[in-house]
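Peer 1: Take a look at the following structure, please.
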Amino acid sequence: MRLTAATVAIVVVLAIPVMMEAQQGRGSTSGSAPQTSSRTPELKTVLHNAADALGMLRTEREADLIATVRYWGTGTMMMAGQVFKVTNYAGSVNFHVPGMRIDITRTAPDGMSQRAVEVVSDKFAWNETQPGINPTPAAGIANARLLQIWMLPQGVVKAATAAGAAANVAAAGGVTTLTFPIASIGATLKATIDDKNFIREVEARMGTSVITTTYSDYGDWNGADYLSDVMFPRHIVQKRDGATVLDLTISKTNTYNPYVVMPVPENVEKAGSTAQAASR
């Protein structure tokens with residue numbers, strides 16, 4: 001085929017952008033390295049990917065339908081400078097209340113067995129001798145117990161979503177960090193998310209305390225005949241101001257929105273109302 005002068009001109013003009021792109025991809029003639037993108041992912045994308053990795057998104061609408069979880073484990077915990085062996089740790093969480101009951105059986109260094117049941121429901125905290133039995137008000141620690149809910153992987157996604165525009169995302173070295181406040185309890189959280197979109201570490205600052213929890217070995221621990229595809233960490237380690245206060249290995253979970261309630265006992269509510277009135 002003969003090429004006219006006009007045809008050649010058109011071909012040359014069309015080829016210029018392609019040549020420029022090729023040169024940019026190879027770098028300049030001076031040997032400088034090609035430019036790489038340092039673009040920070042959008043908050044919406046980060047939250048969606050984390051929720052998806054954890055198995056929180058359900059139905060074709062991809063809605064977060066995880067309202068409650070239960071988990072059990074064993075390990076060690078530190079109290080008053082002493083290390084206790086935890087033979088049973090049962091956590092029950094309701095993200096909607098929000099509320100949490102932790103039922104712990106532990107062995108002291110002197111060999112004595114202890115049972116502690118710690119509960120929080122919204123702005124009220126109390127202790128029990130058994131779940132739902134003999135409630136005793138626990139003044140001044142409701143926010144600290146609520147913090148434990150929002151430091152859980154699913155809790156991080158929910159709390160960051162609720163924070164909205166106050167949440168910030170940063171990315172560096174293949175690691176994404178998500179920082180957001182929880183104004184209701186006076187805390188700020190920073191979550192580290194890996195390249196598989198799993199939350200690996202959560203650092204919380206509340207008052208003068210720094211609480212750091214690390215999570216590893218995510219999986220569905222509901223049992224072979226009860227799998228839900230909701231991911232939960234097998235290993236949980238929590239530190240307070242650098243000292244390890246909890247080292248927990250999860251043995252099983254129930255992530256099928258189990259029945260979890262913690263109605264506020266009358267004496268606890270009355271004590272809380274009296275304390276609020278006195279502080280005015």
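Readers should treat all values here as calculations from the given coordinates under stated rules, not as data from a laboratory. These figures come from a predicted structure and were not determined experimentally. No Cβ is skipped: glycine too gets one built from the backbone with ideal geometry, and neighbour counts run over all protein chains shown.
Peer 1: Would you confirm, using the coordinates I've provided, whether I236 is in contact (Cβ under 8 Å) with a residue 24 or more places away in the chain and over 15 Å from the mean Cα position of the chain (by Cα)?
Peer 2: Here the answer is no, as I236 does not meet what is asked.
Peer 1: Next question, about the same structure. List every residue pair whose Cβ atoms sit under 9 Å apart, with the two residues 6 or more apart in sequence or on different chains, where the first one lies in the stretch 41-66 and is closer than 23 Å to K190 by Cβ and free of Cβ contacts under 8 Å to residues at least 60 places away in the same chain and the second, anywhere, is in a strand (DSSP E or B) and among the β-branched types (V, I, T).
Peer 2: So the pair list comes out as T45/V169.
Peer 1: Here's a follow-up. Out of the residues in the stretch 40-68 that are of a type outside the set (A, V, I, L, M) and touching a His at 6+ places or on another chain (Cβ under 9 Å), which is nearest to L227 (Cα to Cα)?
Peer 2: Selected residue: T68.
Peer 1: Which condition number does Y226 fail, the rest of (1) hydroxyl-bearing (S, T, Y); (2) closer than 22 Å to G91 by Cβ; (3) touching a Pro at 6+ places or on another chain (Cβ under 6 Å) being met?
Peer 2: All conditions are met except number (3).
Peer 1: Which of the residues spanning the stretch 77-117 are under 23 Å from A142 (Cα atoms) and of a type in the set (S, T, Y)?
Peer 2: Result: Y89, S92, T105.
Peer 1: On to the next question. Only residues that are small (G, A, S) and within 25 Å of Y256 (Cα to Cα): list them for the stretch 71-111, please.
Peer 2: Step one: list which residues in the stretch 71-111 are small (G, A, S), which gives 73, 75, 80-81, 90-92, 99, 108, 111.
Matches in the stretch 71-111: G73, G75, A90, G91, S92, G99.
Peer 1: A further question follows. Does V120 satisfy the condition of being of a type outside the set (F, W, Y), buried (at least 18 other Cβ atoms within 10 Å of the Cβ) and closer than 29 Å to D220 by Cα? Even if it seems obvious, please write down each step before you answer.
Peer 2: Details: of a type outside the set (F, W, Y): yes; buried (at least 18 other Cβ atoms within 10 Å of the Cβ): yes; closer than 29 Å to D220 by Cα: yes.
Here the answer is yes, as V120 does meet what is asked.
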